[in-house]
Amino acid sequence: MELGNQRKPKAGWWIKVSKMKDEYDFSEAEQGRFYRPIEELDIPIYLDKEVKEFFLKKARERGGEFSLSETVNSLLKSDIAIAERLAQ
């Protein structure tokens, strides 16, 4: 593979980047400062290639605006409602 004009990193460069101090001062640290409850996190959900292609194909056929996220959420909500009715 040709690197072109890029220079190769010098041997051992990662040692400078990853070297840790022998000791850290946490005396003024605030516990939980960056904590967020799981309910507040937006986690990515990855669709299988075939599933994504199906929805995108349907969107192209219909034309107009299309939100993959809204469509998938709508279908999941419908499935939840069906599951809840069947569980009764």
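Every number here is computed from the coordinates shown, using simple stated rules; none is lab data. Keep in mind it's a predicted model, so treat the numbers as computed, not measured. Please note: Cβ atoms are built from the backbone with ideal geometry, for glycine as well, and neighbour counts cover all protein chains shown.
Odds and ends about this structure:
- Pairs are defined by a Cβ separation below 8 Å, a sequence spacing of at least 6 or placement on different chains, a first member in the stretch 33-57 that is on the phi < 0 side of the Ramachandran plot, and a second member that is of a type outside the set (A, V, I, L, M, F, W, C) and surrounded by 10 or more Cβ atoms within 10 Å (Cβ to Cβ); the pairs so defined are Phe55/Thr71.
- When restricted to residues that are surrounded by 10 or more Cβ atoms within 10 Å (Cβ to Cβ) and either in contact (Cβ under 8 Å) with a residue 60 or more places away in the chain or of a type outside the set (Gly, Ala, Ser) (or both), the stretch 59-76 contains 8.
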